[in-house]
Amino acid sequence: AKQDVAAAEDKVAEAKQDVAAAIAVGDERAIAQSNDLLEMAIADQKTAMDLVEMAIANQKMTARAYITAVTILEGALSTISGHADHIFSIAPKNPDLDRHVKAS
């Protein structure tokens with residue numbers, strides 16, 4: 001997308017040169033045509049820049065979604081760990097089980 005912006009900027013620069021050349025010659029029709037082409041090139045440049053901004057926004061959204069998923073997972077693991085601790089605290093004591101749990 002950034003390459004598209006650079007290409008659009010080049011087209012705008014070319015269109016500005018065409019406008020300047022038409023003005024230098026004094027050809028009213030050529031001036032009008034080159035002005036129209038310049039406006040189109042500027043619109044294309046804006047579109048290319050908007051696409052870059054959208055791509056950046058999508059990257060940010062993806063990063064936020066990943067962070068949210070990790071946060072949810074951490075919360076779930078914490079809840080599971082809390083339940084496991086509670087279960088072990090109320091379970092009948094079994095020395096073999098306690099040894100196995102402590103070893104892991």
Evaluate the relative contact order of the chain (contact order divided by residue number), counting alpha-carbon pairs under 8 angstrom at least 6 apart; express in whole percent.
-> 28 percent
Spatially near lysine pairs across the chain, Cα under 26 Å, sequence gap of 8 or more or different chains = 8
Under a Cβ-Cβ cut-off of 12 Å, what is the net charge of the residues other than ALA48 that fall near it, where Lys and Arg count +1 and Asp and Glu count -1?
-> -3
Quantify, in whole percent, the carbon and sulfur part of the accessible surface of the chain (1.4 Å probe; protein heavy atoms only).
-> 62 percent
Quick calc of log₁₀ I(q)/I(0), the chain, Debye, one scatterer on every Cα, no solvent, q values 0.17, 0.22 1/Å, result -0.87, -1.05
Set of the stretch 5-24 residues, backbone N closer than 20 Å to the point 7 Å along the Cα-Cβ line of VAL52 | 5-16
With axes computed from alpha carbons, what is the tilt in degrees of helix 28-90 against the longest principal axis of the chain, rounded to the nearest 10 within 0 to 90?
-> 0 degrees
Residue-normalised accessible area of the chain, expressed per residue, 1.4 Å probe, Å² | 81 Å²
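The values are calculated or read from the model by the stated rules, or taken from the named source; none is laboratory data. Bear in mind the structure is a predicted one, so any value in this text is a computation, not a measurement. We place every Cβ from the backbone using ideal geometry, glycine too, and count neighbours over all the protein chains shown. Side chains are part of the model used for accessible areas, which takes the heavy atoms of the whole protein and leaves out ligands, DNA and RNA. Shrake-Rupley method; radii C 1.70, N 1.55, O 1.52, S 1.80 Å.
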